[in-house]
Amino acid sequence: MAEAAVSAAVSTPSVAVPAPLPVRAVLPWAFFVGLLALIALYFVGAEQGATSLFAGSDVHEWVHDGRHLLGFPCH
């Protein structure tokens, strides 16, 4: 009898469950972020090489430390 009174007095807090995100809402953002990641990878890893889009060494100098950090050889 005492246990029933204690369990009724102490209630467990309810946990709010977030609503699931539909794939159609997430897919365009995932594509956009993936495209930005590929562009960043190109500039850090391949620009000023055989597939260079910009003349000169400006891009190379801007991303030089990033190349070494990510393991891309550049000199």
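Each reported figure results from applying straightforward, stated rules to the coordinates on display, with no laboratory input. Since the structure is predicted, the reported quantities are computational estimates derived from the model, not experimental observations. Methodologically, a virtual Cβ is constructed for each residue, glycine included, from the backbone with ideal geometry; neighbour enumeration extends over all protein chains shown.
Sort 33-41, 18-26 by the packing proxy (mean of other Cβ within 10 Å over each peptide's residues), most packed first.
Working: 33-41: 10.4, 18-26: 7.4.
Ranked by mean Cβ neighbours within 10 Å, highest first: 33-41, 18-26.
If r is the Cβ-Cβ distance from L41 to E61 and R0 is 25 Å, what FRET efficiency results, to the nearest 0.05? Could the numbers behind the result be given before it?
Working: r = 18 Å, r/R0 = 0.72.
For R0 = 25 Å, the calculated efficiency reads 0.90.
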